[in-house]
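Input: a single structure, listed below in structure tokens.
The values are calculated or read from the model by the stated rules, or taken from the named source; none is laboratory data. Worth saying up front: this structure is predicted, and the values here are computed from it rather than measured. Cβ: placed from backbone, ideal geometry, glycine included. Neighbour counts: every protein chain shown. Note: accessible area is taken over every heavy atom of the protein model, side chains too, but ligands, DNA and RNA are not part of it. Shrake-Rupley method; radii C 1.70, N 1.55, O 1.52, S 1.80 Å.
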Amino acid sequence: EIHIKEPIEKEVNPRLLPGELLLCEASTVYKYMQEDGSNRGTYGKLVCTNFKISFLDDDSASDDNEPQFKNKIVGENDITLQCVDQIYGVYDEKKKLLTGQLRKYPEKLIIYCKDLRVFNFCLRYTKEEEVKRIVSGIVHHSQTPKLLKRLFLFSYASAAPNNTDGRNQTMMFETLEDWRDELERTKGNVRYKAVTTNEGYRVSEKLPLYFVVPICISEESILKYEGRGIPIWCWSCHNGAALLKMSTFPKEQDDSTSQMQKAFLDGIYKTISKPPYELLKLDDLSSSLPSLQDIQTAYTRFKQLFLIDNSTDFWATDVKWFSLLESTNWLEIIRRVLKKAIEVAECLEIQHTNVLLIEESATDLCCVISSLVQVMMDSYSRTKSGFQSLIQKEWVIGGHGFLDRCNHLHKSEKEEAPVFLLLLNCVWQLVQQYPPAFEFTETYLTVLSDSLYVPIFSTFFFNSQHQRDTNKSGESLKTQSGPFRFLTVWDWTVQFDPKAQAFLNNPLYAEKPKPDKSQRKTARFKHQRQLSLPLTQAKPSTKRGFFREETDHLIKNILGKRIGKFINSADEPPNSLREFYDSWHSKPVDYHGLLLPRIDGPEIKVWAQRYLRWIPEAQLHGGGTIATAAKILDLMEEVQSLQVKMDEEHSQAVCGDVHSVPTLRNSARLSSLFPFALLQRQSIKPALPTSTWKDLEDEDDLVKRDDEFVDLSGDML
């Protein structure tokens with residue numbers, strides 16, 4: 001039974017952003033506390049706007065006890081409409097998925113979010129008319145297909161004052177100069193050129209306005225097949241080898257067209273395989289990596305492990321956690337993607353071979369692999385501004401279909417696939433394996449993944465640069481007409497104040513030392529940059545263990561060896577990749593050189609901060625990485641205060657230090673998933689009913705624990 005207390009009659013109004021409109025609301029809504037399975041909770045008002053669903057209680061009105069890491073746009077009890085995954089109604093203790101028109105209205109509403117939060121609302125004490133309005137409104141505005149111009153992105157852009165500070169150091173790649181600067185930075189300008197052929201989008205609407213191709217490629221070749229079959233430059237290695245990508249021709253063509261296209265491709269390959277270009281290796285990602293459908297299926301299963309309603313559900317799945325995790329195949333996909341990136345890096349670094357990534361559109365897995373390779377091989381991509389520039393270049397301007405892949409408009413679930421999230425998961429593996437090599441933290445990656453669903457930034461809400469440019473024009477609410485001025489997600493001041501932004505920066509980042517001719521350290525770093533890159537340990541485990549064994553196809557392509565059987569390859573020695581991996585891992589790590597991820601089974605981990613942050617049972621009381629980070633930040637604060645005192649003594653005080661250090665009070669009580677989960681809340685493991693234990697005993701994939709179960713069942717009986 002719910003202990004009903006009279007709600008305090010206090011008017012709480014939502015904080016609306018410019019362009020945000022209140023659509024419907026319901027009072028006397030009871031929000032359950034998610035973590036403990038009891039019926040404890042709080043009364044408040046549930047509102048729906050054209051931007052978010054928000055629950056307002058008495059605490060919403062006060063600014064007391066605000067968290068240190070507060071998002072200025074999306075609050076703790078706010079859900080943007082794009083962040084809503086599924087909505088269930090509870091009718092007589094039975095859950096039912098809510099879509100479209102409703103004939104009967106539920107007594108309880110459960111909202112599952114794409115950032116893995118779960119909200120439980122009781123509508124039993126709400127007026128019937130208000131229940132109808134709020135449930136219908138939430139389902140309609142968050143689940144039904146909508147037009148692009150109906151996104152809150154446009155309402156906000158037309159109403160919000162454009163007062164950003166403009167100190168964004170991210171290269172946006174919207175101008176020809178940006179591409180030329182990138183060519184010069186990577187020393188690729190000798191063999192590659194930035195072209196203006198697509199100005200006015202006369203070649204293709206899918207291609208960016210400007211891009212880079214080999215110097216030998218003519219404008220006529222680019223125009224012939226709307227940019228298909230043209231190698232587009234991604235990045236150049238220090239030795240001159242380059243990473244390229246190419247979109248393929250449609251498979252279903254008549255014979256004459258196919259012959260013409262084949263002859264065209266042969267001509268392109270011959271042209272870019274001659275000096276001054278290196279040898280060319282083709283890699284068709286559609287045959288060597290999982291399909292987008294496989295990725296979507298795996299992630300759908302994976303996220304179900306974290307959408308926990310209550311403590312009982314958590315502990316019920318805890319016993320069979322590892323088998324459930326393995327069955328999703330999500331971590332195996334991450335491992336396969338990392339292996340592919342290692343394979344590409346070996347070709348560039350050791351074999352001095354150009355690599356051409358091939359995919360139907362060259363805007364999905366091509367983006368993942370090219371980005372990963374650059375993060376692994378280019379230390380600039382491991383800085384915050386460098387990583388943001390990389391996302392702009394390969395994903396935003398490169399034409400990744402964020403609108404379709406994130407299904408922001410709810411038009412087709414067939415196109416949905418968490419491709420960008422897959423990249424962030426892979427980068428996180430590198431960040432947690434080599435923390436000093438990255439200027440940003442895992443909190444930065446988590447916040448970036450959350451920003452996928454915040455429709456005030458244009459960064460992740462278009463399929464291409466052409467779509468963004470053609471939708472820029474519109475009427476402003478300030479009475480004058482003109483183009484929309486969209487915000488970019490890279491302006492972190494919009495979401496966080498300086499203290500919160502400090503959590504995005506890695507205090508232990510090993511900055512690149514400035515060259516010193518008097519020392520020989522630079523020579524050693526240079527030598528380490530040439531080292532090979534590892535793939536697996538010398539003796540792979542014969543146990544299935546936590547992860548599935550690789551498929552024969554994958555082993556033949558990547559390892560080149562399986563249980564004493566050698567698979568000969570005409571292109572490379574069977575053990576070259578293995579030697580590269582072992583050689584690299586046998587040397588000290590140069591944090592500004594090549595980085596190779598460790599990809600043996602147990603090395604591929606679950607991104608705990610992102611996936612477990614809303615589950616109190618998964619948190620460590622005063623433990624985890626935050627315990628270490630708290631001590632480091634305390635030391636940094638002390639060092640900074642001493643530096644300020646020294647500067648004051650020498651009359652050289654520096655005003656407005658950008659790199660402020662957050663102070664972590666009561667660090668012993670902080671959760672291991674700080675800053676998203678604040679102080680640890682107690683969660684007691686419940687006694688499972690006998691029926692649950694019997695169900696668990698019948699599980700075939702669990703380790704036999706018959707005696708243990710019998711004893712426990714007897715005690716509970």
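Observations, loosely collected:
- Scope segment 596-616; condition closer than 27 Å to residue 313 by Cβ and assigned to a loop (DSSP other than H, G, I, E, B); matching residues: 604, 605, 606, 607, 613, 614, 615
- Checked against the criterion of being in contact (Cβ under 8 Å) with a residue 24 or more places away in the chain and surrounded by 17 or more Cβ atoms within 10 Å (Cβ to Cβ), the candidates 148, 116 yield just one match: 116.
- Filtered by the rule that a residue be at pLDDT below 90 and surrounded by 14 or more Cβ atoms within 10 Å (Cβ to Cβ), segment 274-285 gives 277, 278.
- Which listed residue, of 370, 389, 379, is among the small types (Gly, Ala, Ser) and open to solvent by 10 Å² or more (accessible area, probe 1.4 Å): 379
- Within segment 229-244, the set of residues being open to solvent by 20 Å² or more (accessible area, probe 1.4 Å) and either farther than 29 Å from residue 594 by Cβ or out of contact with any Lys or Arg (no Cβ under 9 Å at 6 or more places or on another chain) (or both) comprises 239 only.
- Residue list for segment 174-188, filter: among the basic types (Lys, Arg) and under 25 Å from residue 466 (Cβ atoms): 180
So that you can scan it fast, the table gives a plain yes or no per residue for (1) in a loop (DSSP other than H, G, I, E, B); (2) surrounded by fewer than 16 Cβ atoms within 10 Å (Cβ to Cβ):
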site: 68; (1), (2): yes, no
site: 72; (1), (2): yes, yes
site: 86; (1), (2): no, yes
site: 100; (1), (2): yes, yes
site: 112; (1), (2): no, no
site: 135; (1), (2): no, no
site: 139; (1), (2): no, no
site: 142; (1), (2): no, no
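- Count of residues meeting criterion [within 27 Å of residue 353 (Cβ to Cβ) and either among the aliphatic types (A, V, I, L, M) or crowded, with 21+ Cβ neighbours inside 10 Å (or both)] in segment 215-228: 5
- The one condition in (1) closer than 27 Å to residue 295 by Cβ; (2) open to solvent by 10 Å² or more (accessible area, probe 1.4 Å) that residue 470 fails to fulfil: (1)
- For segment 120-146, a residue qualifies if it is among the aromatic types (Phe, Trp, Tyr) and at pLDDT 95 or above, and exactly one does: 121.
- Test: residue in segment 253-273 that is part of a strand (DSSP E or B) and either within 30 Å of residue 190 (Cα to Cα) or open to solvent by less than 50 Å² (accessible area, probe 1.4 Å) (or both): no
- Residue within segment 454-461 that is touching a Lys or Arg at 6+ places or on another chain (Cβ under 7 Å), open to solvent by less than 20 Å² (accessible area, probe 1.4 Å) and modelled with pLDDT of 95 or more present: yes
- Among the residues of segment 304-314, those that are outside any loop (DSSP other than H, G, I, E, B), open to solvent by 40 Å² or more (accessible area, probe 1.4 Å) and over 25 Å from residue 601 (Cα atoms) comprise 312, 313.
- Residue satisfying all of: in segment 585-632; more than 24 Å from residue 380 (Cα to Cα) and aromatic (Phe, Trp, Tyr); surrounded by the most Cβ atoms within 10 Å (Cβ to Cβ) among these: 614
- Qualifying residue in segment 350-362 (condition: assigned to a helix (DSSP H, G or I) and either in contact (Cβ under 8 Å) with a residue 60 or more places away in the chain or farther than 29 Å from residue 172 by Cα (or both)): no
- Figure legend. Inter-residue proximity from segment 320-332: first residues assigned to a loop (DSSP other than H, G, I, E, B), second residues open to solvent by less than 20 Å² (accessible area, probe 1.4 Å), beta-carbon distance below 6 Å, spacing 6+ or different chains. Indicated pairs: 329/298.
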